[in-house]
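For reference, the structure is listed below as structure tokens.
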Amino acid sequence: MNKIRLGTRGSPLALVQAGMVRDALVAAHGIQTEIVIIRTTGDAVQDRPLAEIGGKALWTKELDRALLCGDIDCAVHSMKDVETIRPPAISIAAILPRADVRDRLIGAPSIAALPHGATVGTSSPRRRAQLLRLRPDLTIVMFRGNVDTRLAKLAAGEADATLLAAAGLARLDRPDVGVAIELDVMLPAPAQGAVGIEARSDDSETRALLAVLDDAPTHRCVLAERALLAALHADCHSPVAALATDGGAIRAELFAEDGSASVAGSGDDPAALASDLLARAPDSIRKLFAA
């Protein structure tokens, strides 16, 4: 193979992440790389919640199509945006070392410091539920778009505060924007902070090139978190937070949409943990996880 074509979304963060993969491939193999921008439906439709217009597939279906028809050799993704169940013809070939998994709050020094009745912008069911669990007085409004779009909405006064992933801000050279929310306050989304690279399952040459980029501890943790999602039958409507450690332990929490209830647990078996959480969850939570 003389050149490898990396498919990616066109957002600034997606391009930075594709550049990380390109640089790693050049360093490892000296191979020529081309970044191919694929416009996705998720980028094009910004005025409605993701769950209402097709879920996470809106970030991946165009990239999947380009990969399977041979227009690109691999696709670079934020792993938290990749559906839990993937086509058999596509494999996760590598996951880069994970960055900071935490969320960052922009607009206030802490969640507790937000004024009573403050408006917080987010399109994430997890963040919405976690915020309302901590502060039922808050008003949550929908914020979608890339990092710059959401920060511009905040600056324009469309909300008092918003939440963004620390990893994305750091990759965009904005590590000091906002304040990190510690994990004992808010667990992250499953696979948050991880960049994955997918290739065709039958493309052994590309998969071998990508394999040297794989960070095994991150890969194990992300697979465990995704296995928990699969066992929960979670979708884009399901407020779930989870974080695995390389030792095998997974912490997880499920929420009612309005934050009025939550159930937390930990364990080293994703299926058993999912079963335990759902068994202890009230109907307001259990109905959000399709059996």
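The values are calculated or read from the model by the stated rules, or taken from the named source; none is laboratory data. The model shown is predicted, which means the values in this text are computed figures rather than measured ones. As a convention, Cβ positions derive from the backbone with ideal geometry for all residues, glycine included, and neighbour counts pool all protein chains shown.
Quick grid of which residues meet (1) under 25 Å from ARG5 (Cα atoms); (2) free of Cβ contacts under 8 Å to residues at least 60 places away in the same chain:
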{"residue": "ARG174", "(1), (2)": "no, yes"}
{"residue": "VAL185", "(1), (2)": "no, no"}
{"residue": "ALA189", "(1), (2)": "no, no"}
{"residue": "GLY196", "(1), (2)": "yes, no"}
{"residue": "ARG200", "(1), (2)": "yes, no"}
{"residue": "GLU205", "(1), (2)": "yes, no"}
{"residue": "LEU210", "(1), (2)": "yes, no"}
{"residue": "ALA216", "(1), (2)": "yes, yes"}
field: Residue under evaluation ALA159, criteria (1) over 29 Å from ALA244 (Cβ atoms); (2) touching a His at 6+ places or on another chain (Cβ under 7 Å); (3) buried (at least 21 other Cβ atoms within 10 Å of the Cβ), criterion not met
entry: (2)
statement: Scanning the stretch 235-264 residue by residue, those in contact with a Pro (Cβ under 6 Å, 6 or more places away or on another chain), within 16 Å of PRO282 (Cα to Cα) and surrounded by fewer than 18 Cβ atoms within 10 Å (Cβ to Cβ) turn out to be ALA261
- line: Wholly inside the stretch 1-89, helices (runs of 4 or more DSSP H) that include 2 or more residues that are under 23 Å from ALA208 (Cα atoms) and at pLDDT 95 or above are 12-29, 57-68
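Looking at THR84, THR60, THR119 in this structure, which one is buried (at least 22 other Cβ atoms within 10 Å of the Cβ) and either touching a residue at least 40 places away in the same chain (Cβ under 8 Å) or not assigned by TED's automatic domain parsing to the domain that holds GLY145 (or both)?
It is THR60.
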- prompt: Given ARG150, ARG171, which one is surrounded by 20 or more Cβ atoms within 10 Å (Cβ to Cβ), in contact with a Phe, Trp or Tyr (Cβ under 8 Å, 6 or more places away or on another chain) and within 30 Å of ASP64 (Cβ to Cβ)?
  reply: ARG150
- prompt: Which condition number does ALA108 fail, the rest of (1) more than 22 Å from the chain's Cα centre (by Cα); (2) within 27 Å of ALA170 (Cα to Cα); (3) crowded, with 22+ Cβ neighbours inside 10 Å being met?
  reply: (3)
- request: May I ask you to list the residues in the stretch 129-145 that are closer than 13 Å to ALA161 by Cβ and in a helix (DSSP H, G or I)?
  value: LEU131, LEU134
- prompt: When GLY248 is evaluated against the numbered criteria (1) out of contact with any strand residue (DSSP E or B) (no Cβ under 8 Å at 6 or more places or on another chain); (2) within 29 Å of CYS69 (Cβ to Cβ), which criterion, by number, is the only one it fails?
  reply: (2)
